[in-house]
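Worksheet: the structure to be examined is printed underneath.
Since every read-out is calculated from the coordinates, none of them should be taken as a lab result. What you see is a predicted model, and the numbers here were worked out from it, not measured in a lab. Cβ atoms come from the backbone with ideal geometry, glycine included; neighbour counts cover every protein chain shown.
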Amino acid sequence: MSDVDLIELNDSLIDSQYLTFIISDEEFAVPIMRVKEIIEYQSLTQVPMVPKFIAGAVNLRGAVVPVINLAIKFGMQPRPVNRRSCIVIMEIQLADELVILGILVDKVLQVFDIPDENIEAAPSFGAQIKTEFIQGMARVEEQFIIILSINNVLSLNEISVLGDIQDENNVANDKSLAETTSKNNEMSAS
Amino acid sequence: MDENTQIFVAESEELLEDMEQALLALENAPNDDDLINRIFRAAHTIKGSAGLFGFDSIIAFTHVVENLLDDIRNCLVPISTELISLFMRCKDQILLMIEDLDSDEAVNYPEIEDLLQLLKAYSASSAANSSISSESSCANNSVNSNNPTQQNQDDPNSSKAVNERDSYHISIRLDQDTFREGFDPAMMFSQLSELGQINQAKVVLAAIPKISMIDSENCHLGWELTLNSTQSKQQIADVLEFIDGAMIKILPPSSQIADYSQLIAELPEADHALGQILLEIGALTQSELQQVLNKQKAEGGLTGDLLISEGIAQPQVVKTAIKTQNKVRKEKQQEREFIRVAADKLDKLVNLVGELVIGGAKISQLAQNRNDVELEESVEEITQSLEEIRETALGLRMTPVANTFNRFHRVVRDIANDLNKKIRLKIIGGDTELDKTVVDRIADPLTHLIRNSMDHGLEMPQQRLQAGKPEEGTITLSAFHQTGYIVIEVKDDGKGLDAEKILTIAKERGLVSENQKMNRSDIYKLIFEPGFSTAKTVNNLSGRGVGMDVVRRNIEALRGTVTIFSEPNQGSRVVLRLPLTLAIIDGFHVKVANESFIVPLDAMVECISLNEVQKKDALRHNYIKLRDEMLPLIHLEKNWRGDAYDQQQQLPDRINLVVVQFDHKKVGLLVDSLHGEVQAVIKPLGSVFNGLSGFAGFTLLGSGQVAMIMDIAELAKSVAKTERKKQDFVERRSRNRVDLNEVLL
Amino acid sequence: MTALTANAETIQLADECTIYDVAELKEQIQNVIERGASICFDLSNVMVLDAAVVQLLLSTKITLAEHDLNFNISTFSEAALAFISNIYCQDILVNNNLAECEGE
């Protein structure tokens, strides 16, 4: 049985389980079966001339794994790296292949069941992030958590370094990233 | 295509390759039995394997090819140049069919009918009618024709053999413990019957002891049987596999007499009952066997010798049997030397070993910190072994270039015929090894270079004679190692490049200006320029409208270089220099903006630290003056960090300059610090970073840190592009500043 | 083909005749051969036969031929015949062509 089959099979078995985490004070959830592992934040190798939301690359037991900064991707203010910062390693299907990616999160919360009936469709407006990135809104105690449509957020179109994306980013490079990065580096150095 | 089919395709391609080599060699040595056997074996094996998969069209066609080859082997049909050409076409046809296996649609082969008819026209029966066989070069045949009894015996023999060859011949010898394990041989037969019709089955009495000697609970049963079946050999073997400890031999339909002889040698009864079994499997008739047995009693000789001296078994059958056995043994040894391994398994191994090396480096660091000498020494030992393991692992990907080189015999032969030129291909250093990926990827450029030499380099025979050269032109293809590189040369003894003509064409195409002065070697380089070669200079032979610029691009993509040398009337020589492997790169570790980068060592010219004037230049312009030459700069950090960096107005003190070279252009790379040479295992960029130009991949440093490997040429272009955009974006102050773009692009 | 030379003794196999019986059967056969008698087997009451017994029959036939004695199976039960045919020994045990095979 191939990995893909396995995921599809798992889909039906544990598809109501979600991992929640915090990025820039906002709580998000992703289906647990997409999560391979969670590693502590470690200093990332920054890759020149790529879109800002690609935070860099990390060595995961000999494999070079790209790490995505969703805060930047979603246009939120990235928080400096702290003690609880983690990299959530996910396995997603990009085009024909399974790709291992990391996403930078400020804090991992918990894994829990969200039954389908507690999930509402994404609002057509009003959310901070693009509707196609939202798989649904989970009602958990009086609060809504955004379930990320991880395949859409991390689709090849969204994240791959294609041709000219880098130029605009670099030309109009803003200070906030430089600050974030330098803070990150200080954190990792200490 | 599933994995097994892939293996079948790969193996068949190799066999066909070998077949072609043997056919080419056969042209010069038409009496060489070994070559004919090699060709035959290739066809035979392909047919056999195709049978395993049920590729009927391949089986059917190859079967006819094989039959004719068998006739040649048995000296019934003489070998000729036309016949060799026919087999070449057949080889191409089989290759075509094999390559088409993965296409879903049924493919029609208009050639097949034609080929089949030709094959049949040549085959033994028609040859016999025209009594060609007596003119055959085969010595055995002429001896036989002096012996009238031989003629008579040939016929029943061959007709009987044909009968046998329509079905599988299976030999079964059960293990001693078979009864105790409660195995019922009837089950085996019923299973076999499900696969086909059991024609003849004989229990082998020779193995059963007399009543006084028998341990009645031991099993001594064995059978020789023929099975008419459309199933593959593998399927039959699968059915028989469940019989513990049994000795099973399966000869597929149309197995040759040599195969039977080999079977005899392998069966336990062979020593004392050769004649008996020859009878049982139908290779000898009853009367022949009787004769031999009588004589054997009288003289006490060995059965095999007797068979020959009596002229009963065809001498060549017995000879081939013996020869085949020796050869099979030899081949088995060679098989043991080679194991087919999927490339990704090797990659995985190399990756793991790479990790191990990194882990080793970490431990080594820890040991040093502890000041424990003994520990350090042990770690040092491990580190050395690790280094050896890594080198060995990387060496696994190395294959001899001969595999690729030998293909060109055919190319040269065919094109020479088409061009009416006489051309010989000389290969030197075919055993030189290099990375399989590189080997595969040089085939096309080499084909192009060779075709080019044949087309434009070598003259017509008459012209050559007039020029005082031998009629036959020579193309020399050679390979040798040179410190971490492999050098491949394509040399011809033709008329050499015509500098004037090249210059004229280049001017026509606007590659050089009308009154530009160039020396000869610069002119030669022009043929590698894009746009030099057009439809006019590329005829149908020089490939798919591909110019020499593509050759250069292919070679450069492999991090190699192309150089051309030429002497009028002496010939020309194209020299390719390629790295031994793509998996690993010799690099120089530098840091820019706190991140690690690897500069490929072969691109590096020198490292210098900047003086104050140069620093100011570097800050203000995108160039510095180095030894009175202007050196454009790649300022990676500035480019990367953008305006935020520009505002610093000052270069850090630690700045160094690495001078790199590509396309004969020099560029300075501003870096923060230098960290020495490293051997970097290249990890591909992966789908996320695939569009990132300027970098060849990632690598892991000894510390486990990820570093990026620079692709200098691409990086320069990409930086230049960003620069240009920036200039368009913001109106910049200095109009007289040197534009990096102009220098680079 | 050798003519029948001596008196023949009959050995009767009955019911289930399998590997569990071959040791005993072998002794019985050996005794007959030592007495210099030909053997006639009666398989008419055999219900079950196995390959070990068939092998013993083959061995008997070989041995008898060497001693110029005769081997014969007078009657077969259906089961016995079927089993012998199933393992392709009918040529030798039923059609009696051992002499030809031995080439003597």
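Expressed as cubic angstrom per residue, what is the convex hull volume of the alpha carbon set of segment B:209-252?
Cα-based convex hull of segment B:209-252, divided per residue, equals 92 Å³.
Work out from phi, with θ = phi - 60° and the Karplus expression 6.51 cos²θ - 1.76 cosθ + 1.60, the ³J(HN,Hα) of each residue of segment A:40-57, listed in order in whole Hz, and give x for Gly and Pro.
4, 4, 9, 4, 9, 7, 7, 9, x, 6, 10, x, 4, 6, 8, 6, x, 9
Quick one: if you stick a label point 7 Å off each Cα along the C-beta vector at residue C:30 and residue A:61, how many nm between them?
Here the modelled spin labels are 6.5 nm apart.
Give the order of B:38, B:340, B:552 when sorted by the count of other beta carbons within 10 angstrom, beginning with the fewest.
Ascending number of Cβ neighbours within 10 Å: B:340, B:38, B:552.
Based only on Cα atoms, what mean projected area does the convex hull of segment B:7-85 have, in nm²?
Orientation-averaged projected area of the Cα hull: 4.8 nm².
For residue B:666 and residue B:28, what does the FRET efficiency come to when R0 = 51 Å and r is the distance between their Cβ atoms, rounded to the nearest 0.05?
The calculated FRET efficiency here is 0.50.
Along the principal axes of its C-alpha atoms, what lengths does segment B:15-58 span, in descending order and rounded to whole Å?
36, 15, 13
What shape does segment A:69-157 take by its C-alpha gyration tensor, where a ≥ b ≥ c are the square roots of the eigenvalues and a/c under 1.5 counts as rounded, a/b above b/c as prolate, and the rest as oblate?
rounded
At a 10 Å Cβ-Cβ cut-off, how would you order B:81, C:60, B:437, fewest neighbours first?
Taking fewest neighbouring Cβ atoms as first place, the list is B:81, B:437, C:60.
Take residue B:2 and residue B:117, extend 7 Å from each Cα along the Cα→Cβ direction, and tell me the distance between the two endpoints in nm.
3.9
Which of rounded, prolate, oblate describes segment C:8-102, given a ≥ b ≥ c as roots of the alpha-carbon gyration tensor eigenvalues and a/c under 1.5 marking rounded, otherwise prolate only if a/b is larger than b/c?
Since a/c reaches 1.5 but b/c is at least a/b, the shape of segment C:8-102 is classed as oblate.
Suppose every K and R has +1 on its Cβ and every D and E has -1 on its Cβ; what is the size of the dipole of segment B:343-397 about the Cα centre, in Debye to the nearest 20?
360
With 10 angstrom as the radius, rank B:392, B:178, B:447, B:62 by how many other C-beta atoms surround their C-beta, starting from the fewest.
B:392, B:447, B:178, B:62
Size of segment B:343-397 along its principal axes in angstrom, Cα-based, largest extent first?
42, 14, 8
If you filter segment B:348-432 for trypsin sites (Lys or Arg not before Pro), then keep DSSP loop positions with at most 13 other Cβ within 10 Å, what is left?
The qualifying sites: there are none.
Label-point separation (nm) for residue A:93 and residue A:118, each offset 7 Å from Cα along Cα-to-Cβ?
Result: 2.7 nm between the two label points.
With no solvent and one point per C-alpha, what does the Debye sum give as log10 I(q)/I(0) for segment C:13-68 at q = 0.14, 0.22, 0.24 Å⁻¹?
At q = 0.14, 0.22, 0.24 Å⁻¹ the computed log10 ratios are -0.36, -0.85, -0.99.
What length, rounded to one decimal in nm, is gained on full extension from residue B:443 through to residue B:341, with 0.36 nm per residue of separation minus their alpha-carbon distance?
34.6 nm
For segment B:3-139, state the average projected area of the convex hull of the C-alpha atoms over all orientations, rounded to one decimal in nm².
In nm², the orientation-averaged hull projection of segment B:3-139 is 7.9.
Rounded to the nearest 0.05, what FRET efficiency is calculated for residue A:107 and residue B:370 with R0 set to 45 Å and r the Cβ-Cβ distance?
According to the calculation, E is roughly 0.80.
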